[in-house]
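Below is one structure; the comments refer to it alone.
The values are calculated or read from the model by the stated rules, or taken from the named source; none is laboratory data. Here the structure is a predicted model, which means the values were calculated and not measured. All Cβ positions, even for glycine, are placed from backbone atoms using ideal geometry, and neighbour counts span all protein chains on display. Areas reflect the complete protein model, heavy atoms only, side chains present, ligands, DNA and RNA absent. Shrake-Rupley method; radii C 1.70, N 1.55, O 1.52, S 1.80 Å.
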Amino acid sequence: MAERRRGPALEKALLDAAWEELADHGYARFTMDAVVKRAGTSPPVLYRRWANREELVRAAVAHTLKVVPLLHADTGTLRGDVLALLRELNSPARVRLVTVMNLRLADFHRETGTNPADLRDPLVTGRAEALDELFARAAARGEVQPEHLTPRLKSLPFDLLRHDILTTYAPVPDEALEEIVDTVFLPLVLVR
């Protein structure tokens, strides 16, 4: 007989099941019953925590983003740090995350009047912290002038990576990551 799950273990099982349902079937075919079945539990267990599928989707996305935290590589150069972060974001697990967030949740966004950025809470993802740390190190080394780093410039390499992922649904070749950094990004931000 299987051990009965409780507390955090049960919540993790429910949120993992919800995420897998979204990844496999998208929001249009996402049901509370399918999550219950996948998690091997009962409807009251699920409904005690989330009243409807919108709440459950938001919780599943937040949970999934927390499970895959960003590393804070310090390579000694802005180029190296940005490439390390791009390579981390380009992993198959992260590519799947980006694809699900942007494609499988289109019906969720249409129904709730939201967009993908509304679900990518920087406090949950650690993205804002990672970028702040990365650019603070570059400024301390004299590579960039912080007052010239707009939010759009800071996010540019990552926005280009996301674009490439969403046009192929696959990890981007390393040569393309280097081109994003060397040809597009660094000429805009390095101190001359």
Once amide hydrogens are built 1.01 Å from N within the peptide plane, the residues lying 5 or more places from residue 120 or on another chain with amide H under 5 Å from its amide H are none
Computed over the chain: longest principal axis from alpha-carbon atoms vs helix 53-67 long axis, angle to nearest 10 degrees, is 50
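Report the charge-dipole magnitude of the stretch 121-192 in Debye, nearest 20, computed about the Cα centre from +1 at each Lys and Arg Cβ and -1 at each Asp and Glu Cβ. All intermediate terms of the calculation are to be shown ahead of the outcome.
Values: 7 positive and 13 negative charges, 52 e Å.
In total the dipole reaches around 260 debye.
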For the stretch 79-171, what percent of Cα pairs sit more than 15 Å apart? 66
Only Lys, Arg (+1) and Asp, Glu (-1) charged, at Cβ; the chain dipole about Cα centre in debye: 740
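Calculate what fraction, in whole %, of the accessible area of the stretch 105-192 sits on carbon and sulfur atoms when a 1.4 Å probe is rolled over the protein chains. Intermediate results must be reported in sequence, preceding the final value.
Values: 2810 of 5000 Å².
Answer for the stretch 105-192: carbon and sulfur cover 56 percent of the accessible area.
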Suppose R0 equals 30 Å; then what is the FRET efficiency for residue 67 and residue 178 from their Cβ-Cβ distance, rounded to the nearest 0.05? 0.55
Mind listing the Cα extents of the chain along all three principal axes, in Å, largest one first? 64, 31, 29
Using only Cα atoms and rounding to the nearest 10 degrees, what angle (0 to 90) does helix 151-168 make with the longest principal axis of the chain? 60
Cβ neighbours within 10 Å, averaged per peptide: list 5-12, 19-26 in order, most packed at the top. 19-26, 5-12
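Which FRET efficiency value, to the nearest 0.05, do you get for residue 51 and residue 115 by plugging their Cβ-Cβ distance into 1/(1 + (r/R0)^6) with R0 = 25 Å?
Given R0 = 25 Å and the Cβ-Cβ separation, E is 0.65.
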The chain, accessible area per residue, ligands and nucleic acids excluded (1.4 Å, Å²): 54
Working from the alpha-carbon coordinates of the stretch 1-93, get Rg over Rh, Rh being the Kirkwood radius. 1.13
Using all Cα-Cα distances in the stretch 139-192, what percent lands in each 10 angstrom bin from 0 up to the longest? 23, 47, 24, 6
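Take the solvent-accessible surface of the protein heavy atoms, probe 1.4 Å, and return the percent of it on the stretch 40-88 that carbon and sulfur atoms account for. Before the final figure, lay out each step's value.
Working: 1380 of 2390 Å².
Roughly 58 percent, rounded to a whole number.
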Length gain on complete extension for the stretch residue 140 to residue 5, per 0.36 nm per residue less the alpha carbon to alpha carbon distance? 43.8 nm
Excluding residues fewer than 8 positions from residue 154 in its own chain, the lysines with Cα under 29 Å of it are 66
Taking a crude spin-label model, label points 7 Å out from Cα along the C-beta direction, the residue 103 to residue 163 distance in nm is 1.9
Which one of 108, 42, 64 has its Cα pushed farthest toward the positive end of the charge dipole of the stretch 37-121, where Lys and Arg give +1 and Asp and Glu give -1 at the Cβ? 42
